[in-house]
Amino acid sequence: MRLPDSETDDRLLRRYLAGDGRAFDVLMERHENRVFAVSLRILRDREDALDATQETFVTVLRKAGRFQGRSAFSTWLYRVAVNTCYDLLRKKGRRATARLSPKHDPPDPSSADRLSSVEALPAIEDALARLPEAFRAAVILSDLEGLPLQEVAGILEVPLGTVKSRVFRGRRMLAAQLGNLSGARDYPKGNEHG
Amino acid sequence: MDRRDRDMDLILELAGGDLPPAEAAEAEQSLDAEARGELAAQRAARDALARLARPTMSEAERQRLRAAVAAELRLEARSRHEPAPSRRRWWRRPGSLGALTGVASLVAVVAISLNLVGNFPFADSGDEVELTTAAATTVVAQAEAAPTTAAAIRATAEATTTTTITAAPATTTPDQETFEAAAALAEAAQAAVQPETLPEQDSDLKAPEAPPAFDVATDRPGEMARSLETIVAGSVDPFPLSELAEIAAGEGFECWQTVVDETEPDGVVLVMARGLVDGAEAEVYGVQGSDPDLDLTLNFFILPECRPVASDQ
């Protein structure tokens, strides 16, 4: 019997715990892309991101019985994903700043709006990778994954005010780093200490 | 909430397009020049990020992922339907110390073998981690299925060992020294199956120097408190104090020894960061003791001599 796509995450989880393994397949299908995207943004390495994605779902699978539903399933899932990525970074003793794509030539200085040129994309990736981890995770979840700040706070297990501060300061640092790509705007540059 | 916080909230709402147009226009008019500059920066960053495509898995990667998780799903389903082992303190029954020693020996021998296998050159580190992870899962499955008599364990160990390793032989002597040795062996075996830390990268792949996680002044306690909230809120995943030496040394921290010396051994590290105190390079460590009623202790140390500054308790 095919499970309806409209079933909520919580209901699917309950079905899985009741013994329906297909329910977990649906959950995974629903969330695997986002978990992978978040992992790759944090880890900046494709194989590591795949490992982290696998580890995330395995962890959720094993701990499903202990999930108490105080937060949304997706919040818990992405919390596990972020923590798994941090754990992997720590074990590898490094910060993820490698490029996602091969090195590009510098942006074309004659382009009227350099930020909109294709050449600027690696620079945007690099600027994101250079953010402090705490800021980067908040910006990834908020601006790249489109999650509400309240949910980001739940995922990162920090107060809403802290998430707002991290997103605000992360974006400010990004803008400062990208400022030299656009001659049209004068971004504020200042003390960007974490 | 002070004016800066109110402005930040408003700027975030305006940058996110969260306000109705008329209200947004009026609010934007009320901003001073500095706030408008901040708003422009927020919008520029969002616009830039919006241009990045979301990474996706290839179909082959997706199938690989699902196969791996499906395998775990089957393992998990099987373990959930098997009766849970008795949680009685079986190791206190007569004769069971020998079984514990035998199990510890099996885990240690197989784990040490896996660790050696893991040191063989592979095409890339991803394979190494996969092998270690898969093998560790196999070790767990084998340990769970392992018989509990010492003689049977010895037979199993001889059958599964792939490398000649000198390990503690199984013994049936039920004395305290043997028990402690077995526990230490099991602990070493557990440590041996952890993925190894990658060697240091070449200098051209090293990450650029990270901005300081905190920049505080001891004569501005208000700012210090706000910075502490940021530090405490999300520095590291908790790990036992016993691992601080390895982790801190691996990440180039210098003052960890003082923390180890002065903190109860069963503490958990929640915070470990670099920053500035009174303009000087410093490190901060936050350790939670075993008493849940005690607050997190934050300890700052100014480099290079690791001079302690203040603790928050």
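For a quick check of your reading: which helices (runs of 4 or more DSSP H) sit entirely within the range A:21-98 and have at least 3 residues that are closer than 20 Å to A:L149 by Cα? Don't jump to the end; show me each part of the working.
On the way: elements: A:21-43, A:46-63, A:73-92.
Passing ranges, in order: A:21-43, A:73-92.
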- Message: Restricting to the range A:154-166, give me the number of residues that are at the interface with chain B (Cβ under 10 Å from one of its Cβ atoms) and open to solvent by less than 20 Å² (accessible area, probe 1.4 Å).
- Response: 4
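Return a yes/no flag: does the range B:28-46 have any residue that is open to solvent by less than 40 Å² (accessible area, probe 1.4 Å), charged (D, E, K, R) and at pLDDT 90 or above.
yes
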- Item | Matching entry among A:A37, A:A96 (being over 26 Å from B:L75 (Cβ atoms), modelled with pLDDT of 90 or more and within 22 Å of the chain's Cα centre (by Cα)) | A:A37
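The values are calculated or read from the model by the stated rules, or taken from the named source; none is laboratory data. No experiment lies behind these values; they were computed from the predicted model shown. All Cβ positions, glycine included, derive from the backbone under ideal geometry; neighbour counts span all protein chains shown. Just the protein is used for accessible areas: all its heavy atoms, side chains included, with ligands, DNA and RNA removed. Shrake-Rupley method; radii C 1.70, N 1.55, O 1.52, S 1.80 Å.
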